[in-house]
């Protein structure tokens, strides 16, 4: 196992969380949150083409025999893909995950963020999103980062807008948000001198 895959991605900031690339053995946490109905509730009821998906709960199985292939695909694959845990600084607890991957539809990266249910509503997603954008634009040289989700997810919408995302489109109950590299740097320089 390469040491590059387990290095911590701390940043100089006053945030309450940092990003950490997990080791293969640490994927036990990913398995835990993907099988937690409270955490995965946002995902239920969709037609996801996967035998590991439970439409009733939104949970997705992540069996140990799939870890190595998944890990080799996602970890150490920058600038195409990036995956990290969100770690609370106060005690080192894993509280969620973030990911980026280059879109197959255009010159942007698509992102995802999952905060474990018991850690939601504490400002963690805003901090984690800022760190993910910092990594995307400063380390991966992304030109744009996009995310989409149901327009009923008001808290997610507010959090994304608060770190600089703009609404690009609404269609069939889904909102598409994005932030360009230029906007990120304009906002960063304006807000941080």
Check: Given the residues 123, 92, 164, which is the only one that is at pLDDT 95 or above, on the phi > 0 side of the Ramachandran plot and surrounded by fewer than 16 Cβ atoms within 10 Å (Cβ to Cβ)?
Finding: 92
Next item on the list: Determine whether residue 188 is crowded, with 20+ Cβ neighbours inside 10 Å and either more than 21 Å from residue 19 (Cβ to Cβ) or over 15 Å from the mean Cα position of the chain (by Cα) (or both).
Entry: no
Check: Tally time: how many residues in the stretch 49-82 are in a loop (DSSP other than H, G, I, E, B), in contact with a strand residue (DSSP E or B) (Cβ under 8 Å, 6 or more places away or on another chain), surrounded by 12 or more Cβ atoms within 10 Å (Cβ to Cβ) and without any contact (Cβ under 8 Å) to a residue 24 or more places away in the chain?
Finding: 3
Note to self: Between a residue in the stretch 133-144 that is under 9 Å from residue 188 (Cβ atoms) and any residue that is surrounded by fewer than 17 Cβ atoms within 10 Å (Cβ to Cβ), which pairs come within a Cβ distance under 8 Å, given they are 6 or more apart or on different chains?
What the structure shows: 134/11; 137/185
Margin query: Residue pairs, Cβ under 8 Å, 6 or more apart or interchain, first in the stretch 170-193 and at pLDDT below 95, second assigned to a helix (DSSP H, G or I) and surrounded by 12 or more Cβ atoms within 10 Å (Cβ to Cβ). List them.
Written below: 185/137
Margin query: Being surrounded by 13 or more Cβ atoms within 10 Å (Cβ to Cβ) and either at pLDDT below 90 or part of a loop (DSSP other than H, G, I, E, B) (or both) narrows it down to one residue among 19, 28, 24; which is it?
Written below: 24
Next item on the list: Report yes if some residue within the stretch 168-175 is more than 15 Å from the chain's Cα centre (by Cα), assigned to a loop (DSSP other than H, G, I, E, B) and surrounded by fewer than 19 Cβ atoms within 10 Å (Cβ to Cβ); otherwise report no.
Entry: yes
Check: Can you find a residue in the stretch 145-156 that is farther than 22 Å from residue 19 by Cα, modelled with pLDDT of 95 or more and part of a helix (DSSP H, G or I)?
Finding: no
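The values are calculated or read from the model by the stated rules, or taken from the named source; none is laboratory data. The model shown is predicted, which means the values in this text are computed figures rather than measured ones. Reconstructed Cβ throughout: ideal geometry from the backbone, glycine too, with neighbour counts over all protein chains shown.
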